[in-house]
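One structure is given here, and the rest of the page talks about it.
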């Protein structure tokens, strides 16, 4: 036996929570958000895309029973643990990381509430929520807002059609096109 085989690292085993978070992050990083829909390719823009996708998943886990609620909370906790790690890697000082995380959690809750209100209400409300959050630094073209609104509604319906037990088990399918053009986006586990 070769010596290198003895010291080879085994691939890490993903828990269902890790798998769900991985799908959310991969989907949030798809290039079409930043090219087709003009989401700023910045830390804030990527944070906004993670918020959107996490909110869509949490929305469907909330009423799925105890296991679903526990899974949703675990994904939320992992998401903020990852954000804490990312802030530290970007050089944010230890003393101010907690303040940044608190601010990010407040932003998450505020934005998620606006998106849910928009999804449950008029399309105009959802468009206003997107403009206020994702495109807060500049006005987005009406077709961009319409495209993103359509995308959120399609993903919301797509997740609603999935079995909650599968999602809790880490099998979330987000392989729907960002831009509605019909190409497979490969964000699934």
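The values are calculated or read from the model by the stated rules, or taken from the named source; none is laboratory data. Everything numeric here is computed off the predicted structure, so don't read it as measured data. Please note: Cβ atoms are built from the backbone with ideal geometry, for glycine as well, and neighbour counts cover all protein chains shown.
Structure data summary
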| item | result |
| --- | --- |
| Count of residues meeting criterion [assigned to a loop (DSSP other than H, G, I, E, B), touching a helix residue (DSSP H, G or I) at 6+ places or on another chain (Cβ under 8 Å) and more than 17 Å from residue 51 (Cα to Cα)] in segment 119-145 | 2 |
| Among (1) within 26 Å of residue 37 (Cα to Cα); (2) surrounded by 15 or more Cβ atoms within 10 Å (Cβ to Cβ); (3) at pLDDT 95 or above - the single one residue 170 does not satisfy | (1) |
| Unique match (being surrounded by 15 or more Cβ atoms within 10 Å (Cβ to Cβ), without any contact (Cβ under 8 Å) to a residue 60 or more places away in the chain and assigned to a helix (DSSP H, G or I)) among 45, 110, 72 | 72 |
| Selection within segment 87-99 - surrounded by 15 or more Cβ atoms within 10 Å (Cβ to Cβ) and part of a helix (DSSP H, G or I) | 87, 97 |
| Test: residue in segment 50-65 that is without any contact (Cβ under 8 Å) to a residue 40 or more places away in the chain, on the phi < 0 side of the Ramachandran plot, surrounded by 13 or more Cβ atoms within 10 Å (Cβ to Cβ) and in a helix (DSSP H, G or I) | yes |
| Output for segment 61-72, where each listed residue is within 21 Å of residue 116 (Cβ to Cβ), modelled with pLDDT of 95 or more and touching a helix residue (DSSP H, G or I) at 6+ places or on another chain (Cβ under 8 Å) | 61, 68, 69, 71, 72 |
| For residue 170: the one exception among (1) part of a helix (DSSP H, G or I); (2) within 22 Å of residue 29 (Cβ to Cβ) | (1) |
